[in-house]
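All of the numbers you see were taken from the coordinates with simple rules; none came from a lab. All values reported here derive from a predicted model rather than from experimental measurement. So basically every Cβ, Gly included, is an ideal-geometry build from the backbone, and we count neighbours across all protein chains shown.
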Amino acid sequence: MSPLLLFVVLGFTLTLPAGAQQFPEPALYELLPANYQHPIARVCYTGEGICSIPTFIAPGTPCECRRANGAWVKGVCTH
């Protein structure tokens, strides 16, 4: 591989915008740990963790997350 071609390929891969990164998208209302490490567009915060909720729900609105056993936990939309 020529040095010029290698430079072009590396330059392209290093300049991809951060938005091009792929993050896992959790299921709506699925209870996750409060320290979940990936970005979530709209978050419902509960005393047991957080969950992803639809973006049309306004911050400050009551919401709920679903535990693995199917029980619902009350919370509030934080962002």
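Label ASN35 and ILE57 with points 7 Å out from Cα along Cα→Cβ: what is the distance between them in nm?
2.4
What net charge do the residues around ARG42 carry, taking every other residue with its C-beta under 14 Å from that of ARG42, with Lys and Arg at +1 and Asp and Glu at -1?
After counting each charged neighbour, the total is -3.
Starting from the Cα of GLU48, step 7 Å toward the Cβ, then list every residue of the range 58-74 with an amide N under 13 Å from that point.
From the range 58-74, the list is 64-74.
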